[in-house]
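A short write-up of the structure that comes next.
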């Protein structure tokens, strides 16, 4: 069964540094998402991406964050000037169509980001 | 702020019994509803989705949706130890998912 793949599985970074989290969505999917989950808390939406542009973003997704689809397969999340509170699991998800037509999102295994 | 509430605490059920999980949501405009299972340290895994009022069955799982009362539930029949996990209710709105905090289910052999 096709899967969303994320790399790396674990990223340790010094506070203030930039990180790039990578995702390869399922190949025929058109909608891409990033979520995060701080340890012990609920999964939170960050951003959705369709047709090479951001379609929705949450209040968490400020100027520190950016997303990009640099080629036909990868979808990346960049976090600049990382802070301690950015430590979390970051999940990439994709769906064939938008949620408003009842299409489920499929999640990758996540990247655990630890900021020191 | 779209809210998704899963208020009940950890649920312990004997193996073979039925586990019942409930979720309420605040946004009346939401059309699609999802249940995910999450094992500790792992990613959410889709179990079921529902968008019409009533029941939807898939194997041992049944999702129930009542849009008038703004709740969605999940029943797990013949619970197995492998069902021990946290179950996340997620509600669609503005092409994003809003998640509840989850309900932990422990199936006791």
(message) Given the criterion part of a strand (DSSP E or B) and closer than 15 Å to residue A:104 by Cα, identify the matching residue among B:97, B:65.
(response) B:97
(message) Condition (residue is surrounded by 19 or more Cβ atoms within 10 Å (Cβ to Cβ) and touching a helix residue (DSSP H, G or I) at 6+ places or on another chain (Cβ under 9 Å)) applied to region B:52-75: is it met by at least one residue?
(response) no
(request) Please work out which one of (1) within 24 Å of residue A:40 (Cα to Cα); (2) touching a residue at least 40 places away in the same chain (Cβ under 8 Å) is the condition residue B:96 fails and give its number. (result) (2)
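Here is a yes/no grid of residues against (1) over 14 Å from residue B:98 (Cβ atoms); (2) out of contact with any strand residue (DSSP E or B) (no Cβ under 8 Å at 6 or more places or on another chain):
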| residue | (1), (2) |
| --- | --- |
| A:26 | yes, no |
| A:39 | yes, no |
| A:43 | no, no |
| A:52 | yes, yes |
| A:55 | yes, no |
| A:64 | yes, no |
(request) Filter region A:92-116 for residues that are farther than 13 Å from residue B:96 by Cβ, facing another protein chain (nearest Cβ under 8 Å) and modelled with pLDDT of 85 or more and give the result. (result) A:104, A:106, A:107, A:108, A:109, A:110
(request) Could you tell me whether residue A:69 is away from chain B (no Cβ under 14 Å), within 12 Å of the chain's Cα centre (by Cα) and touching a residue at least 12 places away in the same chain (Cβ under 8 Å)? (result) yes
(message) For residue A:81, only one of the following conditions fails: (1) in a strand (DSSP E or B); (2) on the phi > 0 side of the Ramachandran plot. What is its number?
(response) (1)
(request) Report, by residue number, each residue of region A:14-44 that is at the interface with another protein chain (Cβ under 9 Å from one of its Cβ atoms), free of Cβ contacts under 8 Å to residues at least 24 places away in the same chain and assigned to a loop (DSSP other than H, G, I, E, B). (result) A:41, A:42
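The values are calculated or read from the model by the stated rules, or taken from the named source; none is laboratory data. All values derive from a computational prediction rather than experimental measurement. Neighbour counts are summed over all protein chains in view; Cβ atoms, including those assigned to glycine, are modelled from backbone coordinates with ideal geometry.
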